[in-house]
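The values are calculated or read from the model by the stated rules, or taken from the named source; none is laboratory data. Quick caveat: nothing in here was measured; it's all calculated off a predicted structure. Here the Cβ is made from the backbone with ideal geometry for all residues, glycine too, and neighbour counts use every protein chain on show. The protein model used for the area step is the full one, side chains on, heavy atoms only, and it has no ligands, DNA or RNA in it. Shrake-Rupley method; radii C 1.70, N 1.55, O 1.52, S 1.80 Å.
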Amino acid sequence: MTKPLANRIALVTGASRGIGYATARALAKAGAHIVAVARTQGGLEELDDEIRKDGGSATLVPLNLTDSDGIARLGAGLHERYGKLDILVGNAGVLGPSSPIGHIELKAFNDVMAVNVSANFQLIRCMEPLLKQSDAGRAVFITSGAANKATAYVSPYAASKAALETLARAWAQETANTKLRVNLFNPGPIRTRMRATLMPGEDPAALDTPEQVAEFIVPMCAPDWTETGKFYDYKTRSLMSFRAPA
């Protein structure tokens, strides 16, 4: 039986652990060739081993996403090798400091914005031409409820996710008349290292796993997914439209 994502190229950032790792595996099981991007070589190699066990294939790209020239080189390499990109999952993100705003150093704020916003901006710039070469380019960015809740004590993270959401929505509007579909995915509280850092007293067994979340991201990457500029909320299992405040 032909797999639903056979012959499709999927770029996943933050692929060495957590939601990125689980999503890369799930996309590979569905037939996609994974271009796995992360800073951690060991985590990428572990992912590659698991994908191979599942009968899939991957290209490993050790890269710090704050290296904007590195992202540009990656885009050029994908163009030379494949001439297209079918799926972009912008998952990589950092939590940053948990502190009142007045206690946060400017560098710490800028470091969060560099990974959570600027890196995704550069990914969009460099991968859009490749996604437009696909017969059904799909982009999904991982966001957070902190963006609209303006969660206290994680202001850099909350601000960065709000910026990411606006960036993705603007891109969705710009590409609405193309074959490219751009959407956001909010996983909510999930059993990840980031969540454990933020909520150290929380019982991880009470949370869903990244593997459970990934099963809902995969359909948004498929050619038959037609929505764009939307927000999928995993907790409520609902696809939402953005609207102005009442």
#### Entry: Cα pair count fraction exceeding 22 Å, expressed as % - the stretch 1-124
37 percent
### Message
In the stretch 9-241, if the dipole is taken from +1 on Lys/Arg beta carbons and -1 on Asp/Glu beta carbons about the Cα centre, which of Phe109, Thr40, Gln212 is farthest to the positive end?
### Response
Phe109
### Query
What is the spin-label model distance, in nm, from Ser98 to Ser57 if the labels are put 7 Å beyond Cα along the C-beta direction?
4.3 nm
### Query
Just from its helices, what would the mean residue ellipticity at 222 nm be for the chain, if runs of 4 or more DSSP H residues each count -39500 (n - 2.57) and the sum is divided by every residue, rounded to the nearest 500 deg cm²/dmol?
-12500 deg cm²/dmol
### Task
List every residue whose amide H lies under 5 Å from the amide H of Ala58, counting only residues 5 or more places away in sequence or on a different chain, with H placed 1.01 Å from N in the peptide plane.
Ile34
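Mind checking the dipole of the stretch 126-176: about its Cα centre, +1 per Lys or Arg Cβ, -1 per Asp or Glu Cβ, Debye to the nearest 20?
My answer is approximately 180 debye.
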### Task
Would you look at the GNM of the chain, springs on alpha carbons closer than 10 Å, and say which of Gly77, Gly43, Gly20 moves the most?
Gly77
### Task
For the chain, calculate the relative contact order in percent as a whole number, restricting contacts to Cα pairs under 8 Å that are 6 or more residues apart.
18 percent
### Task
Compute the distance in nm between two label points, each set 7 Å from the Cα along the Cα-to-Cβ direction, one at Asp111 and one at Ala206.
3.0 nm
## Note on the structure
Magnitude of the Cβ-charge dipole (Lys and Arg +1, Asp and Glu -1) of the chain about the Cα centre, nearest 20 debye, reported as 400 debye
### Query
Do the alpha carbons of any pairs in Lys3/Lys132; Lys84/Lys149; Lys29/Lys84; Lys29/Lys235; Lys84/Lys230 sit beyond 32 Å of each other, and which pairs?
Lys84/Lys149
### Message
In whole Hz and in residue order, list the ³J(HN,Hα) couplings for the stretch 52-57 that follow from phi through the Karplus curve 6.51 cos²θ - 1.76 cosθ + 1.60, θ = phi - 60°; x for Gly and Pro.
### Response
5, 4, 7, x, x, 9
### Query
Counting only protein heavy atoms, what percent of the accessible surface of the chain is carbon or sulfur at a 1.4 Å probe?
52 percent
## Note on the structure
From most to least accessible, 1.4 Å probe, no ligand or DNA/RNA atoms counted, Cys126, Cys221 line up as Cys126, Cys221
### Query
What nm value, rounded to one decimal, do you get for the distance between Gln173 and Glu227 when each label is placed 7 Å out toward the C-beta?
2.0 nm
